[in-house]
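Colleague: Structure below; questions to follow.
The values are calculated or read from the model by the stated rules, or taken from the named source; none is laboratory data. Computed from a predicted model, the values in this text were never measured in an experiment. In this analysis, Cβ positions are derived from the backbone assuming ideal geometry, glycine residues included, and neighbour counts consider all displayed protein chains. Please note that ligands, DNA and RNA were not included when accessible areas were found on the heavy atoms of the full protein model with its side chains. Shrake-Rupley method; radii C 1.70, N 1.55, O 1.52, S 1.80 Å.
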Amino acid sequence: MKAEKGTFVVLASGRGSNFQAILDKAAEGYIPAVCKALITDNPDAYAIERARAAGIPGEVVSFRSFSDKQTYETALIAAIQKYDPDLVVLAGYMRILGSEIVRKYSGRMVNIHPSLLPSFTGLHAQQQAVNYGVKVAGCTVHFVTEDMDAGPVIIQRTVPVFEGDDGDILADRILIEEHKAFPEAIRLFFERRLRIEGRVVKIGNAHSPSPGRDD
Ligand code: GAR
């Protein structure tokens, strides 16, 4: 195992409030790892400002600059590899990734989704939850696999859904939990406490860590 701290890069497409929560938790030492870069597909993402404020490189790999999905993904992989991260964190990254990149970072790429998976995959998950009439909603942090929003679940946090909620109100309530769940999942990863067994994630205790990346 490396003697120095682990490293991660964050991919985000917009506001970047989860990115900020992760940065804050890394800065205070709760996440025992260093964020090496922000990578975004959106040149207007507010997340870029957050990276700048934190003194972290922000890279734009814009889908529109490439002729097709394959060349885009090749460029994205190159942008990530430049930092040789232990973990790739998808924090509101709104593009579906292809199989090459997902396979490359298998077991080392995590995503947050604003629903209790497997319910309400894809876009507007919070509005889907309101429309369906569920009484409990929440967020899920999971490892990324080739099937969208279907990878092994690391952590879920719940919130109540009240009569009169709309998608935006529920999204705000869930977001508060996202900002707790995501740093916690990343911390567990870097504490080497996550073990994937089939589609189930087992969480080891702090004194018997599970095997992780050894190079
Ligand atoms: C978050 O609610 C995140 O769960 C969601 O986008 C938002 C990003 O907010 N992600 C997805 O819907 C992915 N399918 P943020 O930019 O403020 O972190």
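Colleague: Quick one: order 179, 124 from most to least accessible surface, probe 1.4 Å. Working shown, then result.
Modeller: Details: 179 55, 124 130 Å².
Most to least solvent-accessible, the answer reads 124, 179.
Colleague: Right, another one. Taking 20 °C and 1.002 mPa s as the conditions, I'd like the Stokes-Einstein D for region 137-188 in µm²/s, using the Kirkwood hydrodynamic radius from alpha carbon pairs. All intermediate terms of the calculation are to be shown ahead of the outcome.
Modeller: On the way: Rh = 11.9 Å.
Taking Rh from Cα pairs, D becomes 180 µm²/s.
Colleague: Just check region 109-215 against the gyration tensor rule for me: Cα atoms, a ≥ b ≥ c as the square roots of the eigenvalues, rounded for a/c under 1.5, and otherwise prolate or oblate depending on whether a/b exceeds b/c.
Modeller: Prolate is the answer for region 109-215, as a/c is 1.5 or above and a/b outweighs b/c.
Colleague: If you filter region 132-210 for trypsin sites (Lys or Arg not before Pro), then keep DSSP loop positions with at most 13 other Cβ within 10 Å, what is left?
Modeller: Numbers: sites: 135, 157, 173, 180, 187, 192, 193, 195, 199, 202; in loops: 135, 192, 193, 199.
Passing sites in region 132-210 are 135, 199.
Colleague: Still on this model: If 46, 83 are ordered by their accessible area, calculated over protein heavy atoms with a 1.4 Å probe, which sequence runs from highest to lowest? Intermediate results must be reported in sequence, preceding the final value.
Modeller: Numbers: 46 125, 83 40 Å².
Descending accessible area places them as 46, 83.
Colleague: On the protein heavy atoms, probe 1.4 angstrom, tell me the percent of accessible surface of region 37-177 carried by carbon and sulfur. Intermediate results must be reported in sequence, preceding the final value.
Modeller: On the way: 3570 of 6920 Å².
Exposed carbon and sulfur together represent 52 percent of the surface.
Colleague: Under a 1.4 Å probe, what is the accessible area of the chain per residue, stated in Å²?
Modeller: Details: 10670 Å² over 215 residues.
Using a 1.4 Å probe on heavy atoms only, each residue of the chain averages 50 Å².
Colleague: Checking understanding here: applying a Kyte-Doolittle mean of at least 0.0 and a length along the axis of at least 20 Å (C-alpha), which whole DSSP H helices in the chain pass? If you can, show how the numbers build up before the last one.
Modeller: Values: long enough: 167-190 (33 Å, 0.32).
Taking the DSSP H segments of the chain (at least 20 Å long, mean hydropathy at least 0.0), we get 167-190.
Colleague: Continuing with this model, one more query. Order the following by accessible area, largest value first: 94, 109. Probe radius 1.4 Å; ligands, DNA and RNA are ignored. Don't skip to the end; give the middle numbers.
Modeller: On the way: 94 130, 109 0 Å².
So, going from the largest accessible area down, we get 94, 109.
Colleague: In Å and from the alpha-carbon atoms only, list the Rg and Dmax of the chain.
Modeller: In order Rg, Dmax, the Cα atoms of the chain give 16.8, 52 Å.
Colleague: Could I ask something else about it? Under unit Cβ charges (Lys, Arg +1; Asp, Glu -1), what dipole magnitude, rounded to 20 debye, does region 58-162 have relative to its Cα centre?
Modeller: Dipole size: approximately 220 debye.
Colleague: Need one word for region 1-94: rounded, prolate or oblate. Basis is the Cα gyration tensor (sqrt eigenvalues a ≥ b ≥ c); a/c below 1.5 gives rounded, then a/b vs b/c decides. Please report the intermediate quantities before stating the final value.
Modeller: On the way: a/c = 2.45, a/b = 1.41, b/c = 1.74.
It comes out oblate by the Cα gyration axes.
Colleague: Below 10 angstrom from the Cβ of residue 202, what's the summed charge of the other residues (Lys, Arg +1; Asp, Glu -1)?
Modeller: Working: positive: 193, 195; negative: 197.
Here the charged neighbours net out to +1.
Colleague: On to the next question. Within region 1-33, which trypsin sites (Lys or Arg not before Pro) sit in a loop by DSSP and count at most 10 neighbouring Cβ atoms inside 10 Å?
Modeller: Numbers: sites: 2, 5, 15, 25; in loops: 2, 5, 15.
Passing sites in region 1-33 are 2.
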